[in-house]
Every structure is written in structure tokens, then in C-alpha cells.
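To start, the structure under review is shown below, and the notes come after it.
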Amino acid sequence: MKAEELQRRFSCGAVEKTYENGRLVVFVLQAVFAVVSIYFFCLFMRETSAGHKIYLLAGLFFCLLRIYRQRDIVCYVTEKGLVVRKQCHSLYEFFSEQIKGTEYLVFIPYEIIFSVSPEWADFELGQPEIGGIVIQAVRLRFLSKEAKQNILERIRREQEREE
């Protein structure tokens with residue numbers, strides 16, 4: 001998604017930095033999907049039944065799509081908050097996200113971020129003294145350590161400026 005589209009959709013201010021999954025994770029997952037796609041292709045070439053070929057072709061298409069989409073941006077750091085990919089909770093959401101990837105982005109303002117889980121799987125949002133904590137599941141688990149540090153520093157800096 002381009003910066004202008006992101007600003008129009010979330011009114012989050014200018015995009016300052018973007019982050020994608022770590023290079024090692026991307027490389028390993030692309031290699032795994034490449035091996036699986038070669039397997040599906042070999043099965044596709046040997047299969048004689050048209051019905052089975054459709055399933056194998058769908059598996060091959062999915063693997064090729066995942067190879068292409070491994071380098072998608074998972075976090076946008078903006079002036080007013082973070083725009084991150086939220087975690088899919090159903091199989092329908094997962095396949096829909098594969099087709100329309102930008103639909104599953106969520107905007108999280110800096111001032112409502114209470115904490116980040118140690119494994120970077122969710123954000124706790126809200127005010128603890130009011131009792132309004134909400135957990136937002138996100139897909140930031142495979143960011144590099146440097147990216148995670150930069151995001152945490154940005155959150156702290158913005159929250160200190162708010163106070």
C-alpha cells in the first residue's frame with residue numbers, strides 16, 4: 001500500500017518508516033514454499049485426472065503467491081501511530097488476506113499502547129486504571145531485533161512527549 005493511500009485510509013500522518021519481516025525468516029519461508037511448489041508441480045505433471053489437477057494447481061498457485069508476498073510490509077511507523085497487520089482469526093480471514101492483503105491493516109495510536117507482548121504477537125491497548133485494556137493480535141513476531149528496538153523507542157518517545 002502506498003503512503004498516500006495509507007494516509008487517506010487511516011488519517012495517520014506521514015509514513016516515516018516501514019518494516020518487513022527479518023531477512024532470514026523471509027529467505028527460509030521462500031525456500032520452503034519453493035520446495036513445496038516444486039513438489040506440487042511434479043505431482044501436477046504426473047496426474048492424469050483433471051479434478052486432481054485443479055487441486056494441485058491451486059496448491060501451486062498458493063505457494064507462488066506466498067513466495068511473492070513474503071516481503072510484504074508488516075508495520076508502518078507514522079506520525080500519529082503504528083499501522084500494522086492484524087492476525088487472522090479464521091481460515092476465511094487468512095485466505096481473504098492472501099488475496100486482499102492491505103485490508104487487514106489496523107491503525108494503533110501511540111498514546112493508547114499500554115504494552116507489547118514479549119513475543120510481539122499482540123499489543124495491549126488502553127488505560128489500565130480505567131480497566132479498559134484491549135488486546136490487539138498483530139503479526140510482528142518475525143521482525144528483526146533492530147526493527148523491534150526502533151519501534152519500541154518510537155513508542156516510548158511519543159508517549160513521553162504526550163505526558
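Every read-out reported here was derived from the displayed coordinates using simple, explicitly stated rules and does not represent laboratory data. Fair warning: this is a prediction, and the values are worked out from it, not measured in the lab. For neighbour counting, all protein chains shown are included, and Cβ atoms are generated from backbone atoms with ideal geometry for every residue, glycine included.
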Among the helices of the chain (complete DSSP H runs), which have Cα atoms covering no less than 15 Å along the helix axis and a Kyte-Doolittle mean of at least 1.6? 23-46
Can you find, among Leu152, Phe27, Tyr76, the residue farthest towards the positive end of the dipole of the chain? Put +1 on the C-beta of Lys and Arg, -1 on that of Asp and Glu. Phe27
Compute the length gained on full extension between Arg156 and Val35: take 0.36 nm times their separation in residues and subtract their Cα-Cα distance, giving the result in nm to one decimal. 39.4 nm
Note on region 12-96: C-alpha Rg/Rh, Kirkwood Rh, two decimals, gives 1.14
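Based solely on its DSSP helices, what 222 nm [θ] is calculated for the chain when runs of n ≥ 4 H residues each add -39,500 (n - 2.57) and the sum is averaged over all residues, nearest 500 deg cm²/dmol?
On the way: 5 runs with 79 residues, N = 163.
Result for the chain, helices only: -16000 deg cm²/dmol.
Taking the Cα centre as origin and putting +1 on Lys and Arg beta-carbons and -1 on Asp and Glu beta-carbons, what dipole magnitude results for region 5-163, to the nearest 20 debye?
Values: 21 positive and 20 negative charges, 156 e Å.
That gives a dipole near 760 debye.
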Options [x] 34.5, 116; [y] 14.6, 43; [z] 19.0, 68 - which one matches Rg and Dmax of the Cα atoms in Å as calculated here: [z]
For the chain the mean separation of alpha carbon contacts under 8 Å (6+ apart) over residue count, i.e. relative contact order in percent, is 22
Charge dipole (the chain, unit charges on Cβ, about Cα centre) - positive-most of Val134, Phe107, Phe61: Phe61
Whole-Å semi-axes of region 55-122's equivalent ellipsoid, largest first, each the root of 5 times a Cα gyration tensor eigenvalue? 28, 12, 11
Residues other than Glu97 with Cβ under 13 Å of its Cβ, Lys/Arg counted +1 and Asp/Glu -1, net out at +3
Could you give me the radius of gyration and the Dmax of region 1-61, taking only the C-alpha atoms into account and expressing both in angstrom? 19.2, 55
Taking the Cα centre of region 1-85 as origin and charging only Cβ (+1 Lys, Arg; -1 Asp, Glu), how large is the dipole, in debye to the nearest 20? 80
Roughly speaking, what is the centre-to-centre gap between region 1-68 and region 108-163 when only Cα atoms are used, to the nearest Å? 28
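Figure the gain on full extension for Glu111 and Glu16 (residue separation times 0.36 nm, minus the Cα-Cα span) and round it to one decimal in nm.
On the way: separation 95, 0.36 × 95 = 34.20 nm, distance 1.74 nm.
Result for the pair: 32.5 nm of gain on full extension.
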Between Ser49 and Gln136, what is the label-to-label distance in nm when each label sits 7 Å out along the Cα-to-Cβ direction? 4.7
